[in-house]
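First up is the structure itself, then whatever we jot down about it.
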């Protein structure tokens, strides 16, 4: 073993180490030098074959080379491990999504309705869900034998004379009995009717609109409902009033909205371009009187619509069954 | 209710070039909703929706009247073709060779039956009706049976007046007594069903038996059959209220009943009877009796007056008195324009419906066309109100919970759990009481969803009924897992509650209770708040406090062992009050684990905020105070730091 071959072991050893681009290659380099058949290993083994004289010198030289290579291996290992960390920064990874919660669809609809009506000066109210038959029926001009008071149309309570309100219209009486004018209010709350199917559930929400003043007209009802429809649905929609009959209004109207799907041309989801929205009318004189108002001095309009109903009419929502809104399946609620 | 009006039948009474679609349009916009215009067997049929007040339009001629009034509003010419109805006793059609058959009628209560009219026909041969009659009946949705029954149905559909035909020979003693039933009396109606009657049903009894459930269905024992030769044709008006009550009680809703319930035109009873008799005469029958009529009183029309100013006020646009009069005239309301008002004489078919000023305004407005009225926003002043803060606070809390990762749920107010308010006719056994607590409903939501979710954070803001209606908010955190997860869940709930107080600027002490439902590998933690109380406590802004130096917070976890070492019952309230007397203690939060740990032990946590306006406090400053507090807690409350 001469000086040159010893030098070569160091040189090639260092070269291999320097060339390694990852831990695997570094390990290969180490094996070439220090493996079972490695250069250093072999050289150390072959020491015993050397003549005694000069053996010590070669041995010492080999040890130096060994140290040099081992140091180089260590340094290179550290270098590779640090760069490994840098390579692992991946800016294309998506961020962690913060957990957002969800307001129920009905709440979203109620806030929207409230904001639209508040914009026109309607004050938000909350009136009783449990009320007297007087306020829910009699004061609204529905006499004792009226169909709405049948046992399968309303929930009656054990306490005599009390019912669960079937509509937010009882709020009209509570508001009028406050005795202040002008009146412009919206009562939004739960109502109850014994019916359950694809478009009904025994508990549901309605929003009532009531305006009473000295000169309230059908024209102003049209204006209010048009404003609502354009803001709640879309700007291009129109409403129309058709003759109808309710006990607590005179004249009474059925309100339609132009179909959002066909733009009013007529399709299988609408009636000749129109879809029913709900009822409305001028407050009946008997109702005004029951509320302590003088029908010869003031007039008013009123409308009472289903919150879930109008919400389900929004384009793109596509919820097929109203009962899903009460099913409380979190997978459903968390879609919105 | 909906009725089917065949187009060809309708056009017997109107002369116009308007198309079917134009007719449907005019009706829908100004009178009655036309649900459908369909082709049936090569003929057009309108399905018309009749509102409860328009009993006058439950008939072909009723609809025809409306077509005549509404078509001109759309620029179409139309003429009304009045029906040619015979008067059987004017023309001498009466065969003198026929026997003059008798009928003894007794009306026990005019209120139940204000008008009774009947006629007997002889020489009747039961056979099919003419093809045209059959076709019209089928198109109108009624089965054609035989000439006698068909004659009654045909006239009912055309005029609105129901009629019935009896086999005269089956009427014992030629006697008919109209009275109210007693409870338990029975009749087998001609559909073969035996019915036990409630009290107050209107019935007819002959010399022996009950032969008619008036207004609803005839008796089987007096029905016309293939051997009938003498027919008693009969038309009536009944009290709508008792009729509806009976019909509903028996669960038997017939075409006749639906018409009687709504009300009828008092002047159509006799003409309808004559028309029906004529149809039988046309097939060979002969009149065999006088016209038997019992009537409480003659019809006398009433007037309704409408103020011209009020018309304009309601419409929101000015229309001339002449225009208003023209529209009222089109509806045959005989308007008479006087100074500042219009007086109308209401015809018999609108007698019950048109009573008030507003009723007339409706007639004017609908013919004028709601689509022709202007559209404007309310021009009066909005109410000058102080806006209710509670709605604002509800909204803030909801958005806050949403932002903190909670999902809002809506559960039924009606529950199976007992409460103060009970429903007499519940929908099912799960909806019997109005709930006093939101928690059971929310726990059900958790249990329904926990199979697919490891963590559930929900809330509901809704009324509870105690029986007073109070707005409650229940917040619930569910987590699967053991101690670590339970700790996280209750911690999260506490954070929410603290955040509420902060957000609503509520200072001072507020008591809030956290409850739980605990199992080995899962737990649910919840708290309920009263929104009204929170609203009362909340402030728009916090008061500015001059705190130039930073606070130092310390948390203490204590175990109170009770027993003799406690002066009185360890109360976190008294503990808090006592500690807050110490110097530099700025605020304290105290909480107590409500579970019974046994042996009078209580687990209490304490969070103390130290602050001084004079200098920045350090550990040196706090150490003696802390020691003082701990000493006091041990001696006065028997509470020590846990290990």
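Residue A:158 label point, 7 Å along Cα→Cβ, cut-off 16 Å on backbone N: hits in the stretch B:413-427? Under cut-off, by backbone N: B:414-427. Under 19 Å from a label point set 7 Å out along the Cα-to-Cβ vector of residue A:238, the amide N atoms of the stretch A:272-296 belong to A:272-278.
Relative to the current alpha-carbon distance between residue B:102 and residue B:183, full extension at 0.36 nm per residue lengthens the span by 26.1 nm. Using the average count of surrounding beta-carbon atoms within 10 Å as a protection proxy, the listed peptides B:380-393, B:443-456 rank, highest first, as B:443-456, B:380-393.
If you take every DSSP beta bridge whose two residues both sit in chain B, what share of them, in percent to the nearest 5, is antiparallel?
Details: 104 of 110 bridges.
Antiparallel: roughly 95 percent of the beta bridges in chain B.
Here B:610, B:541 are placed in order of increasing Cβ neighbour count within 10 Å, fewest first, which gives B:541, B:610. Where a ≥ b ≥ c are the square roots of the eigenvalues of the C-alpha gyration tensor, would you call the stretch A:168-280 rounded, which needs a/c under 1.5, or, failing that, prolate if a/b is larger than b/c, or oblate? Oblate. Here the ratio of the Cα radius of gyration of chain A to 2.2 N^0.38 Å is 2.12.
Taking only the alpha carbons of the stretch B:263-337, we obtain Rg and Dmax values of 20.8, 60 Å in that order.
Note on A:322-330: average number of Cβ atoms from other chains within 10 Å of each residue's Cβ is 5. Look at the alpha carbon pairs under 8 Å that are at least 6 residues apart: their mean separation over the length of chain B gives a relative contact order of 9 percent.
Taking every residue in A:199-207 and counting other chain Cβ atoms within 10 Å of its Cβ, the average works out to 2. In terms of its alpha-carbon gyration tensor, the stretch B:223-284 comes out oblate; a/c meets the 1.5 threshold, while b/c is at least as large as a/b. Helix B:240-250 and the long axis of chain B differ in direction by around 70°, with both axes built from C-alpha atoms. Taking Cα atoms only, the orientation of helix B:60-70 departs from the longest principal axis of chain B by about 70 degrees.
In peptide B:367-377, how many Cβ atoms from other protein chains are near each Cβ within 10 Å, on average?
Going residue by residue through B:367-377 and averaging, the value is 6.
What FRET efficiency do you get for residue A:7 and residue A:91 if R0 is 56 Å and r is their Cβ-Cβ distance, rounded to the nearest 0.05?
It comes to 0.75.
A straight chain from residue B:356 to residue B:39 at 0.36 nm per residue would run longer than the Cα-Cα distance by 110.1 nm. Taking 11 Å as the cut-off, the amide N atoms of the stretch A:283-299 that come nearer than this to a point 7 Å along the Cα-to-beta-carbon line of residue B:309 belong to A:297. Is the protein assembly as shown best put as rounded, prolate or oblate by its Cα gyration tensor, with a ≥ b ≥ c the root eigenvalues, rounded for a/c under 1.5, and otherwise prolate when a/b is larger than b/c, oblate when not? Since a/c reaches 1.5 and a/b is larger than b/c, the shape of the protein assembly as shown is classed as prolate. Using only Cα atoms, tell me the angle between helix B:147-159 and the longest principal axis of chain B; keep it within 0 to 90° and round to the nearest 10. Its long axis makes an angle of about 60 degrees.
Entry note: the stretch B:283-326 has Rg to Rh equal to 1.47, where both radii use alpha-carbon atoms and Rh is the Kirkwood radius. Here the spin labels are modelled as points 7 Å beyond Cα on the Cα-Cβ line, and at residue B:143 and residue B:580 they lie 8.3 nm apart. Pairwise Cα distances in the stretch B:584-628 exceed 12 Å in 69 percent of cases.
Gyration tensor analysis over the Cα atoms of chain B returns equivalent ellipsoid semi-axes of 81, 32, 21 Å (largest first, whole Å). Stokes-Einstein diffusion of the stretch B:131-249 at 25 °C, 0.890 mPa s viscosity, Kirkwood radius from Cα pairs, rounded to a whole number: 164 µm²/s.
Could you work out the relative contact order of chain A, using alpha carbon pairs under 8 angstrom and six or more residues apart, expressed as a whole percent? Here the relative contact order equals 15 percent.
For chain A, a Gaussian network of Cα nodes joined below 10 Å ranks A:47, A:117, A:210 by mean-square fluctuation, and the top entry is A:47.
Under a Gaussian network description of chain A, with springs only between Cα atoms under 10 Å, the residue in A:214, A:166, A:100 that fluctuates furthest is A:100. Where the centroid of each part is defined by its Cα atoms, how far is the stretch B:195-260 from the stretch A:44-94 in Å? Distance between centres, Cα-based: 115 Å. Exposure proxy ranking for A:168, B:44, B:618, based on other Cβ atoms within 10 angstrom of each Cβ and starting from the fewest, stands as B:618, B:44, A:168.
Below 8 Å between Cα atoms, with a sequence gap of 6+, how large is the relative contact order for the stretch A:1-124 in percent? Computed value for the stretch A:1-124: 24 percent relative contact order. You can think of it this way: the chain between residue B:127 and residue B:298 has 57.8 nm of extra reach, that is 0.36 nm per residue less the Cα-Cα gap.
Of B:155, B:510, B:149, the sequence from fewest to most neighbouring Cβ atoms within 10 angstrom is B:510, B:149, B:155.
Each value in this text was obtained by applying a stated rule to the coordinates, not by laboratory testing. What you see is a predicted model, and the numbers here were worked out from it, not measured in a lab. For neighbour counting, all protein chains shown are included, and Cβ atoms are generated from backbone atoms with ideal geometry for every residue, glycine included.
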